[in-house]
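One structure is given here, and the rest of the page talks about it.
The values are calculated or read from the model by the stated rules, or taken from the named source; none is laboratory data. For clarity, every value in this text was computed on a predicted model and none was experimentally measured. A quick note on method: Cβ atoms are made from the backbone with ideal geometry, for glycine too, and the neighbour counts reach across all protein chains shown. Quick note on the areas: whole protein, heavy atoms, side chains included, nothing else; ligands and nucleic acids left out. Shrake-Rupley method; radii C 1.70, N 1.55, O 1.52, S 1.80 Å.
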Amino acid sequence: MATVPYFVVLTTYFSYGLLFVIGHLRDFFRSLFYKDRSTAEGYAPLCRDFEDFYTRRLYHRIQDCFNRPIASAPDAWIEVIGRVSRDNNQTLYRTYQNQRCLNLSSYNYLGFAASDEYCTPRVMESLETFSPSTCSTRIDCGTTVIHQELEEMVARFVGKPAAMVYGMGFATNSTTLPALIGKGGLIISDSLNHSSIVAGARGSGAKVQVFQHNTPSHLEQVLREAIAEGQPRTRRPWKKIIVVVEGIYSMEGELCRLSEIVSVTQKYKAYIYLDEAHSIGAIGKTGRGVCEHDGVDPAKIDVMMGTFTKSFGSCGGYIAGSKELITYLKHVSPGHIYATSMSPPAVQQVISALKVILGEDGSDRGARKLAQVRENSNYFRQELRRMGCEVLGDENSPVMPFMLYNPAKIPAFSRECLKRNVAVVTVGFPATPLLLARARVCISASHTKEDLDLGLEVISEVSDMAHLKYFPQMESFSKVKSV
Amino acid sequence: MTMGGMVQNLTESLATMLDAPLADAVVFGFHIDGHFLLETLLVVAIAFLLLQKSYQPQKRPLTEQEVDQLCEEWVPEPLHPPITKEMEYNPPVLESAAGPRTVVNGKSVINLSSTNYLGLIGNSKIKEACNAALEKYGVGSCGPRGFYGTIDVHLDLEAKIAQFLGTPDTILYSYGLATASSAIPAFCKRGDLIIADEGVSWGIQNGLLLSRSTIKYFKHNDISSLEKRLEEVFQEDQRKRKALNRRFIVVEAIYQNSGLMAPLDEIVRLKEKYRFRIFVDESNSIGIFGKNGRGLFEHLNIPVEKIDIIIAAMGNALASVGGFCSGSSKVVDHQRLSGAGYCFSASLPPFLASASIAAVEIIQQDRERQKMLQENVAFLRRNLSEIPGLTLGSDPLSPLVYLYLAKSSGSFAGDNAILQKIVDQMLEKSVLLTLKKRSVLDKCKLPTGIRIAVSASHEKSDLLAVSLSLKEVVQSILSS
Ligand SMILES: Cc1ncc(COP(=O)(O)O)c(C=O)c1O
């Protein structure tokens, strides 16, 4: 990431400082005139003042930029439901006036989100056969023939001997990690890992250390120190070390430097756990994720995790690994033993999407989708760069955040884009560091060239308004635009 | 001469010695004498000593070579322990929906494993709703609620559940298991106090762990044990006044692990007496108890406002997938920014939200199912109670019925083996039963047993057949 310009740092800190001071002033006056009676005598308040200060004084001002409801599939174009507030954004009401917007937000990388000529009929068939739910866990009577089929397909697709599926991606991480490691073990986690990994690591009872985001050299340093020093206090050697990384970091758009990281973990005998939530299906020539993209043999990855909520347009997650690993996890993982099994129509959706990706539907639609998302992403990223926006992330990644910095630009950018019928995601503190508020675009194979150009045009216009072009504009942008 | 005298003498002579050359010296109007000098010297000496590093044994950092060697020598444990026979369990694979009868290995079997309490699996209204949703929205929502993953049916379902339960608001989670483990840490942090039943399911245990609060357990479904715990806390408060912390009692309405029913009315009385809040998991009671099917609180005539937080999984009576948390708007709003499984996970697939809406509507309109279920539970229990060698656990009203060995073999594994044999032989007789399984990560140490989930849609003749087969099988296995 480029260094943040001084002027931006100053104005950003100033903005937050102002919000903070005004927030506290308002809190002060509120405490003078208004007695909170929602907490009964003798009880501690459900949320303490300092815990929800951020919500009350910062978030509520701009909450219309988040949680915008839609009334359609999260496809290339969506129906955004209008909302109004009569109390300064404290509460929002639906207006039932929908607005058709270009969707640059959903993780619909391959365009399987909407109903699909191949998938939907099959999904409906499975709904007829299996109903929406098994009302049971995988080990009781929640395993159907299609659950088995999906597990075999996933294993084949990612190139591992076996796989198991869960009904939720978040729970895949949060229930698998505790099954793999516990007291006496060490988890070394990328500093920007997803909250589900954090939940799993915390729930495991193992020690957790972080290494600098996507920096193999720092990982090596952390590993060396950890092994040399052993467990804290007792100095016993660690039972095992698991390094957890993601394929694509969803707030950075960056691809994992997998081959370098794998050579480090192999050198130090640490296990590697790769979360391909965003990368599976989205990158690699045949959609096999960051392993394929980076030319890493999947055999070198001990635990491969991924989700079906993104590229496959369904829900749930998977773990792939050796046969023994999967047998063991099926015996121990609470997500397998205690959770309702994945909904059968959702299972069928993934099977059908995988068939399309693998070309087993008898068409080349899958290959075209894969090529399309790559082409779309690279085009969009290049144009954003040319515009002078500060775009993060790597080539080929369909996720591209670009920097807003100042907190005031979060609502400005989001609202102005929405006014022009473009739905983009904006994120600020606490999801990102204080200084590094950003907007994020997710590109889909279902975006047409016209869609992308329209999106670029709007972003360019709004970026001019909000002074987001932190870098000098490149000549060719206007040229390309006018073609 | 005493020691004190000697020191005094010494300082006095020192003072006169030092006084002599400086006698009458005045700096900035300040009279400087020996006293002053001595004190300055002392201050300097103390400062000097303070600035010295405290004694530390020489610590030489490891050299690179030594670190290399340590890394070389380190032998990690394998990623997982060796695979044992017990781990290689193959669950039944269903070839049709998990309704009251299902197909396993090409054979139609009576299914007593699915928590399809109200018989809504296969319901045509629900399927219609799903089909319409699939056509309109596709399958997945492709994003978390915050980032355009909120679909109108999510809002409709939240409103529907709130209206159904009579609470101000409801928040949806995309998975039942993630509901408790997100909702509890949203409110309880380090320093807060939770008193929980020792029989709570793993999802709640995980939530308790992630909250980092102080956790105390009381004996499973034992109200006097709960009161004792509360009293202990009260006594400690009397001894040591501390800042007010948040306090919760965490229970399940019908325990997943035992089928017992929590005496919720008594617990509510206690929680008010001791000023705790209460968190109830109604997963196995929503749609099943109460005049309107709202759950155990309604069955026991407890006003819903008295339950601070209600959670439930939708994978049981509602025959869908996902979970929700219901309560005051403060309870709900707070989770929308701090429920980890809400903020950082894709939202519930819209067709499942539609399925749940349809299910709640059916529950509201059709009170017959609830009656049928209670009839079936009573009928099955009557028949099962006569089986020698097994005892009936669980509450008489619970749709989850537990069967335990009357005479334990003495070990968990031993009991498990016997019960598994029973379950396997029952499958040969076309009855799908399940043995309660426990993960090694689960802290709940309740005994193992056969778990039967009764459904409103079970035929009486099927239930009778199950009891008769079970009697035979148990007899043959226990006698051998
Ligand atoms: C890296 C990573 N892991 C796991 C998840 C959770 O997946 P799901 O949305 O299916 O719960 C996400 C999704 O946001 C993710 O980005």
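Observations on the model:
- Within the stretch B:356-391, the residues that satisfy the criterion of being open to solvent by 50 Å² or more (accessible area, probe 1.4 Å) and in contact with a strand residue (DSSP E or B) (Cβ under 7 Å, 6 or more places away or on another chain) are B:SER385, B:THR391.
- Whether a residue is within 25 Å of B:VAL200 (Cβ to Cβ), within 16 Å of the ligand (Cβ to nearest atom) and in contact (Cβ under 8 Å) with a residue 24 or more places away in the chain was assessed, and A:SER314 does not pass this test.
- Qualifying residue in the stretch A:209-228 (condition: within 16 Å of the ligand (Cβ to nearest atom) and either more than 24 Å from B:GLY207 (Cβ to Cβ) or free of Cβ contacts under 8 Å to residues at least 12 places away in the same chain (or both)): yes
- Filter pass, A:LEU150 being open to solvent by less than 20 Å² (accessible area, probe 1.4 Å), touching a Gly at 6+ places or on another chain (Cβ under 6 Å) and more than 7 Å from chain B (Cβ to nearest Cβ): no
- Which numbered condition B:LEU134 misses (of (1) free of Cβ contacts under 8 Å to residues at least 60 places away in the same chain; (2) at the interface with chain A (Cβ under 7 Å from one of its Cβ atoms)): (1)
- Where B:GLU266 falls short, out of the listed (1) open to solvent by 10 Å² or more (accessible area, probe 1.4 Å); (2) in contact with a Leu (Cβ under 7 Å, 6 or more places away or on another chain): (2)
- Taking the listed residues B:VAL360, B:VAL431, the one that is over 29 Å from the mean Cα position of the chain (by Cα) and of a type in the set (A, V, I, L, M, F, W, C) is B:VAL431, with no other qualifying.
- If you filter the stretch A:260-293 down to residues that are β-branched (Val, Ile, Thr) and more than 16 Å from the ligand (Cβ to nearest atom), you find that the one that is surrounded by the fewest Cβ atoms within 10 Å (Cβ to Cβ) is A:THR286.
- Breaking point among (1) away from the ligand (no atom under 16 Å from the Cβ); (2) at the interface with chain B (Cβ under 10 Å from one of its Cβ atoms); (3) assigned to a helix (DSSP H, G or I), for A:SER174: (1)
- Verdict on B:LEU300 being closer than 21 Å to B:GLN374 by Cα, open to solvent by 10 Å² or more (accessible area, probe 1.4 Å) and among the hydrophobic types (A, V, I, L, M, F, W, C): yes
- Filter pass, A:GLU324 being in a loop (DSSP other than H, G, I, E, B), away from the ligand (no atom under 13 Å from the Cβ) and not hydroxyl-bearing (Ser, Thr, Tyr): no
- All conditions in (1) closer than 12 Å to A:LEU150 by Cα; (2) more than 10 Å from chain B (Cβ to nearest Cβ) hold for A:MET304, with the sole exception of (1).
- Test: residue in the stretch B:138-147 that is out of contact with any helix residue (DSSP H, G or I) (no Cβ under 9 Å at 6 or more places or on another chain), within 16 Å of the ligand (Cβ to nearest atom) and at pLDDT below 95: yes
- Any hit, the stretch B:180-187, residues being in contact with a strand residue (DSSP E or B) (Cβ under 6 Å, 6 or more places away or on another chain), within 16 Å of the ligand (Cβ to nearest atom) and facing chain A (nearest Cβ under 10 Å): no
- The single condition among (1) open to solvent by 10 Å² or more (accessible area, probe 1.4 Å); (2) more than 16 Å from the ligand (Cβ to nearest atom); (3) in contact with a Phe, Trp or Tyr (Cβ under 6 Å, 6 or more places away or on another chain) that A:LEU192 does not meet is (2).
- Pairs with Cβ under 8 Å, 6+ apart, first in the stretch A:69-88 and within 8 Å of chain B (Cβ to nearest Cβ), second of a type in the set (Gly, Ala, Ser) and part of a strand (DSSP E or B): A:ILE78/A:ALA423; A:VAL80/A:ALA423
- Residue, farthest from B:ASN111 (Cα to Cα), within the stretch A:115-161, restricted to residues that are touching a Pro at 6+ places or on another chain (Cβ under 7 Å) and assigned to a helix (DSSP H, G or I): A:VAL158
Matching residues to (1) within 10 Å of chain B (Cβ to nearest Cβ); (2) among the hydrophobic types (A, V, I, L, M, F, W, C); (3) more than 30 Å from A:ALA270 (Cβ to Cβ):
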position: A:TYR118; (1), (2), (3): no, no, yes
position: A:CYS141; (1), (2), (3): yes, yes, yes
position: A:PRO161; (1), (2), (3): no, no, no
position: A:HIS194; (1), (2), (3): yes, no, no
position: A:ARG202; (1), (2), (3): yes, no, no
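- The residues on offer are B:PRO91, B:PRO168, and the sole one that is surrounded by fewer than 24 Cβ atoms within 10 Å (Cβ to Cβ), more than 10 Å from chain A (Cβ to nearest Cβ) and over 30 Å from A:TYR107 (Cα atoms) is B:PRO168.
- Residue list for the stretch B:211-223, filter: free of Cβ contacts under 8 Å to residues at least 60 places away in the same chain and not in a strand (DSSP E or B): B:SER211, B:ARG212, B:SER213, B:LYS219, B:ASN221, B:ASP222, B:ILE223
- Some residue of the stretch B:115-127 being open to solvent by 30 Å² or more (accessible area, probe 1.4 Å) and over 30 Å from B:LEU427 (Cβ atoms): yes
- Residues of the stretch B:75-87 satisfying the condition of being touching a helix residue (DSSP H, G or I) at 6+ places or on another chain (Cβ under 6 Å) and surrounded by fewer than 18 Cβ atoms within 10 Å (Cβ to Cβ): B:ILE83, B:MET87
- Scanning the stretch B:308-330 for residues that are touching a strand residue (DSSP E or B) at 6+ places or on another chain (Cβ under 6 Å), within 7 Å of chain A (Cβ to nearest Cβ) and open to solvent by less than 10 Å² (accessible area, probe 1.4 Å) returns B:GLY315, B:VAL321.
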